[in-house]
1. Any idea which of (1) over 12 Å from the mean Cα position of the chain (by Cα); (2) within 28 Å of Leu109 (Cα to Cα); (3) exposed (fewer than 15 other Cβ atoms within 10 Å of the Cβ) is the one Val44 doesn't satisfy?
2. Say we look at region 47-70 and pick out the residues that are touching a residue at least 40 places away in the same chain (Cβ under 8 Å) and either hydroxyl-bearing (Ser, Thr, Tyr) or touching a Gly at 6+ places or on another chain (Cβ under 7 Å) (or both); which of these is nearest to Gly104 (Cα to Cα)?
3. So which of Ala97, Ala130 ends up being at pLDDT 95 or above and more than 19 Å from Leu41 (Cα to Cα)?
4. Condition first: within 16 Å of the chain's Cα centre (by Cα) and either more than 16 Å from the ligand (Cβ to nearest atom) or aromatic (Phe, Trp, Tyr) (or both). Now tell me which residues in region 94-128 satisfy that.
5. From Gly119, Gly74, Gly124, which residue is without any contact (Cβ under 8 Å) to a residue 12 or more places away in the chain, within 24 Å of Ala10 (Cα to Cα) and of a type outside the set (A, V, I, L, M)?
6. Tell me which of these Pro103 doesn't satisfy, since it passes every other one: (1) at pLDDT below 95; (2) more than 16 Å from Val122 (Cα to Cα); (3) surrounded by fewer than 18 Cβ atoms within 10 Å (Cβ to Cβ).
7. Just to be sure I understand, how many residues within region 59-110 are part of a helix (DSSP H, G or I), out of contact with any strand residue (DSSP E or B) (no Cβ under 9 Å at 6 or more places or on another chain) and of a type in the set (D, E, K, R)?
8. Take region 31-58 and flag every residue that is away from the ligand (no atom under 15 Å from the Cβ), outside any helix (DSSP H, G or I) and under 19 Å from Ala70 (Cβ atoms).
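The values are calculated or read from the model by the stated rules, or taken from the named source; none is laboratory data. Since the model is a prediction, treat every value here as computed from it, not as a measurement. Positions of Cβ are generated from backbone atoms using ideal geometry, with glycine treated the same way; all protein chains shown enter the neighbour counts.
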Amino acid sequence: MESGRMLFLARVFATHAIVGYALVRGFTDADPRVGIVFGLLPDVDLCFPAEWGWPLVHRAVTHTPLFALAIVAGAYAVTRERTIALAAGLAIGSHLAIDSLSPGGIDWLFPLETTWSPGIAVHGLFATVALWAVSIGILAWRSDVFSQFSTG
Ligand SMILES: [Zn+2]
């Protein structure tokens, strides 16, 4: 794999991981590392052999609301904790939301092929900086650092 492609994928993975981590840390009581796992989960399709074909190609079944619902239901079935299910939903949902805005889009109505997208460069430099800034803002908001000043 060429180095430019590897750097692109590293940036994409890091963005999905930090957004998932920040959302879980900011809006649930779950371990925020759950956000990293489920924030990255849809891209497991990059590991599938090409000969498997559709729907196991990149941005097919693992990038659908149907898959996300199955994962959330599965997380709840295994853990019996609504917090974990919420965390999984936030993280995987953030991945789908980000990717759905990109030029490749996602199949919102899978198994129908309905890839529509506004074609925003969500993995470009500007959007990456914006996503990281919002994530860091959420982490700062939920950080205990600021509360130390108010308690004296
Ligand atoms: Zn993806």
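1. (1)
2. So the residue we want is Arg59.
3. Going through Ala97, Ala130 in turn, the sole match is Ala130.
4. Selection gives Trp108 alone.
5. Details: Gly119 fails: without any contact (Cβ under 8 Å) to a residue 12 or more places away in the chain; Gly74 fails: within 24 Å of Ala10 (Cα to Cα).
Selected residue: Gly124, the only one of Gly119, Gly74, Gly124 that is without any contact (Cβ under 8 Å) to a residue 12 or more places away in the chain, within 24 Å of Ala10 (Cα to Cα) and of a type outside the set (A, V, I, L, M).
6. Of everything listed in (1) at pLDDT below 95; (2) more than 16 Å from Val122 (Cα to Cα); (3) surrounded by fewer than 18 Cβ atoms within 10 Å (Cβ to Cβ), Pro103 misses just condition (2).
7. The qualifying residues number 1.
8. Matches in region 31-58: Trp54 only.
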